[in-house]
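The values are calculated or read from the model by the stated rules, or taken from the named source; none is laboratory data. What you are looking at is a predicted structure, and each value in this text was computed from that prediction instead of being measured. Every residue, glycine among them, receives a Cβ derived from its backbone with ideal geometry; neighbour counts consider all protein chains shown. When the accessible area is computed, the model is the full protein with side chains, heavy atoms only, and any ligands, DNA or RNA have been set aside. Shrake-Rupley method; radii C 1.70, N 1.55, O 1.52, S 1.80 Å.
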Amino acid sequence: MAKNKSNTVPHYELLYIVSNKFTKDELGPIQESVEKIITDNEGEITFKETWGKKKLAYEIKHFKHGYYSLVEFDLAGINLQKVNSLLNMAANVLRHQIIVKKKLTTTEIEKEKTKAQELFNSTFGKEMKKDELKPKASKSALKSTAKKEVKKKEVKEKVNQKELDEKLDKILETDDLL
């Protein structure tokens, strides 16, 4: 065996999109079929997550929305091409991408969470509990700050409009217009 090669099974991450012509109830069997493709080819699924329905960056096969799913798995490199070709032929999967991913230890996961916490604190200027550190939390925080800024702008516009009306009334009340 070469010095730079290890004898461990590589770890991969699969992100795939299912078209939105299916309902959430129909999504489950499709996800199971994708997982079956991996397990039938001697793969071991270590993590799976459904991201839900999202708008696509561009239209794919006349679809503008799709259900995103993420699967991490261990698989021998020999079988990877077969999994990839089976996913290419799957009619229910609009797009998929498989990448090699480093398997993280628990300490590395904690380090990533603390980095995300620090980034969040520097961006929003407030402390957040580790339990709250989820992607949805940062999105909702972004939405709430954006809404607050829009309200501030609306208030400023109203104040400026009132001031302008008052000045216009004062000018019109004077007799020296000409």
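Being closer than 17 Å to H11 by Cα and open to solvent by 30 Å² or more (accessible area, probe 1.4 Å) is the filter here; which residues of the range 37-71 pass it?
Matches in the range 37-71: I37, T39, D40, E42, E44, I45, T46, F47, K48, E49.
For residues that are assigned to a loop (DSSP other than H, G, I, E, B) and surrounded by 12 or more Cβ atoms within 10 Å (Cβ to Cβ), scanning just the range 1-20, find the one that is modelled with the lowest pLDDT.
Kept after step one, since they are assigned to a loop (DSSP other than H, G, I, E, B), are these residues of the range 1-20: 1-10, 20.
Now restrict to residues that are surrounded by 12 or more Cβ atoms within 10 Å (Cβ to Cβ): 9-10, 20.
Values: V9: 83, P10: 88, N20: 89.
So, considering only residues that are assigned to a loop (DSSP other than H, G, I, E, B) and surrounded by 12 or more Cβ atoms within 10 Å (Cβ to Cβ), the one modelled with the lowest pLDDT is V9.
Taking the range 94-108 on its own, how many of its residues are touching a helix residue (DSSP H, G or I) at 6+ places or on another chain (Cβ under 6 Å) and open to solvent by less than 30 Å² (accessible area, probe 1.4 Å)?
0
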